[in-house]
Every structure is written in C-alpha cells, then in structure tokens.
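The values are calculated or read from the model by the stated rules, or taken from the named source; none is laboratory data. Since this is a predicted model, take the numbers as computed values, not measurements. Cβ placement follows ideal geometry from the backbone for every residue including glycine, while neighbour counts extend to all protein chains displayed.
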C-alpha cells in the first residue's frame, strides 16, 4: 500500500530530474570565463591568455597573447552558428584602459573590434552575452558599460542616495536582447514623512532606461534582481529585512539576520520559491538562496548558502539548486558523482538542459573541477 501511495505521489508531483556528469580534469581559475552552448564548453583562460574548446573528448587551444596589454577577462561569448569564440577583454595601454572584443577562431588570425556585431552574420546566435557590471553614477543617472558604450539609465522614483551622497552601490545583473535590464542598488529609500531607510532594492529598467522598483510580496522589504530572460521573467531574491550590499573582492555580500529567499517575477508579480534540503548541516546563512537564471521547461536555477562542518568548524558553502514542479533540489543529489567535491555554482545552462557547474573540494576547502551535467532522457 505504501508503495502505491509513493508511486501516486510521483505521478502527481512529477519524478525528480536526474543527470549524468562529466568532470573536467583541467584546473581552472576563478578568473577564467566560460560559455556553454548546445555542443561545446568554451573557456577563456586569463593566466595563459588562451581560449579552449571542449567537444566530447576533443580539446582545442588557441592563444590570444598576441593582442597585447591584456589586463583581465570580463566575459566570454560563443556564436554557435559561426563556431566563433569571442572574449571580452580589458586592455591596458599607457594612455587608456578599454574594453575590446577579441574574435579567437579555431583557425586563422585573431580579430579585434569595439563591438561583436562586426564579427557576426546577421542570424548568428550569441551565448553568454557580456554582463554589464561596470557602473558609474551622477545625481540623476546610473551609467553602465555594456562592452561597447556607456548606457545611461535613470534612478527609480523614490530613490535617495546612499548616506546622503551620490555614490550608491549598483550591481547590474543582465540585459536581454530587448534592452531590458535588471540589477540591485544599495541606497536610502524614502519611507514618507521625511523618514528614510538604508536598504538594497531590486530594480528593473526598460529599454528607454526608465527604472522602477520591483514589487515584493507582503511582509518583504528588500531584494535583488540577478537575471532577466527574453520573455521578461526575472530571477533574484527578497528578504524580510533590509539587505545591505557591500563590495569585497569583486563580489556582492549581504548581511541580514533573515535569509534571502529565492524569487521569480513573472509579468511583474513575485513568487517565492522554497529552500532546498541540501547535504549541508541545515544552517542557512544570511545570504540564503537566490534564483540566478532559467533553464528549459519550467526550470529555475540558483544557489543556496549554508554552513557545513569542515575539520570541526562550520564553513560557508554554496550549493547549486534546481527548482522544477514547485520543488527545490540540491543538484548534488541528482547525479551519481564521486562525492569528493560539491556542485556549488551554476555557470551556464543550455537548451538541452545541460548544466555547467563550478565545484568545491570537500576535503581541502578549495575549488574543484568543472562538472557538466547532462539530463537523462
């Protein structure tokens, strides 16, 4: 009888997805950039200044050392139709620092351009477009660099500058092909009657650069927006406390007592997703969980931060998550891995449902190999 009930529950709720996994033996740096397409994992390696393509057992390396002045990698794109790898590179000279696009073909000469459009046929499909995370501010606008130009976007109505000066901390998440952009701003927000509160808000900008605060469910007062897809769905998180955004080691950190909760906005309406039961010790950190991007079907992908016991001490640990059919799954429980490392962050997902993950070594508390998960049919 119990087996019948369990089978009925699976039929009603849907079976949990399952994956096979491939771990890459190469060692990657956190500063390397990755792109996952329908057929290829592409990597731009900062230390060796090269692009590497992985297709099945095949590996192709092409150096871009000849460019000169390479200071850092900002992101990586891949044009599937044209089999092109495009690295977005920070180039430093005696007089200037600029962002350039470097077309790194498998064969032929490397090309340099201030825009990727000069490389591409009109119907080319770009994967992993550059994230416009460089910003500067003035009293009326936030300006973001999209890799080719500065775009000026307005502050939302009700915005008050952080600490009374025009220096809000702005993190731009993603811009879609329609020019719609999402991100987060730490600032003082007007509460009316002359009162203000320090907080972080999830922001949406339309293609004209006009901004608005994303709405929160009742009882929630702050949030962030990470990703917007081509249909306008937005992934991020909300909190019942004010989330304070800090910059440290080029990352964003939030300090709140109530964990942030993963959230998806559809047609402007927020929906909170559940926490996952992970292989950690169950102590969810103040950063909580975040919806980060979308996959095929109804998949939402993100991460959850908990503490895990390491050498007798509690250490912070991220776990890569998948939400589907209204349920949350720790990706570590959905594939037959060796369990010597933990799937920690989602790097990318493609239309076939393959997921590229960063990992952490369980025993040495350091980054592990990349893992490519492929869904079982």
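Mind checking whether some residue in segment 343-360 is over 22 Å from residue 54 (Cβ atoms) and in contact with a strand residue (DSSP E or B) (Cβ under 7 Å, 6 or more places away or on another chain)? So far as segment 343-360 goes, no, none of its residues is over 22 Å from residue 54 (Cβ atoms) and in contact with a strand residue (DSSP E or B) (Cβ under 7 Å, 6 or more places away or on another chain). Would you check if there is a residue in segment 154-176 being modelled with pLDDT of 60 or more and at positive phi? So far as segment 154-176 goes, yes, one or more of its residues are modelled with pLDDT of 60 or more and at positive phi.
Residue-wise test of (1) surrounded by fewer than 18 Cβ atoms within 10 Å (Cβ to Cβ); (2) assigned to a strand (DSSP E or B).
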| position | (1), (2) |
| --- | --- |
| 30 | yes, no |
| 34 | no, yes |
| 53 | no, yes |
| 66 | yes, no |
| 72 | yes, yes |
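Could we say that residue 212 is surrounded by fewer than 13 Cβ atoms within 10 Å (Cβ to Cβ), out of contact with any helix residue (DSSP H, G or I) (no Cβ under 8 Å at 6 or more places or on another chain) and at pLDDT 85 or above here? Break it down into steps so the answer makes sense when it comes.
On the way: surrounded by fewer than 13 Cβ atoms within 10 Å (Cβ to Cβ): no; out of contact with any helix residue (DSSP H, G or I) (no Cβ under 8 Å at 6 or more places or on another chain): yes; at pLDDT 85 or above: yes.
Considered against the rule, which asks whether it is surrounded by fewer than 13 Cβ atoms within 10 Å (Cβ to Cβ), out of contact with any helix residue (DSSP H, G or I) (no Cβ under 8 Å at 6 or more places or on another chain) and at pLDDT 85 or above, residue 212 comes out as no.
I'd like to check something: does segment 12-19 contain any residue that is closer than 25 Å to residue 329 by Cβ, over 21 Å from the mean Cα position of the chain (by Cα), in a loop (DSSP other than H, G, I, E, B) and at pLDDT below 85? Yes, there is a match, as at least one residue in segment 12-19 is closer than 25 Å to residue 329 by Cβ, over 21 Å from the mean Cα position of the chain (by Cα), in a loop (DSSP other than H, G, I, E, B) and at pLDDT below 85. Scoring residue 115 on the criteria (1) at pLDDT 60 or above; (2) surrounded by fewer than 15 Cβ atoms within 10 Å (Cβ to Cβ); (3) under 22 Å from residue 55 (Cα atoms) leaves a single failure, condition (3).
Please find, within segment 302-312, the residue that is surrounded by the most Cβ atoms within 10 Å (Cβ to Cβ) out of those that are part of a strand (DSSP E or B) and modelled with pLDDT of 70 or more.
We begin by selecting, within segment 302-312, every residue part of a strand (DSSP E or B); these are 302-310.
Filter once more, keeping what is modelled with pLDDT of 70 or more: 302-308.
Values: 302: 29, 303: 21, 304: 25, 305: 22, 306: 25, 307: 16, 308: 20.
Residue satisfying both the conditions and the ranking: 302.
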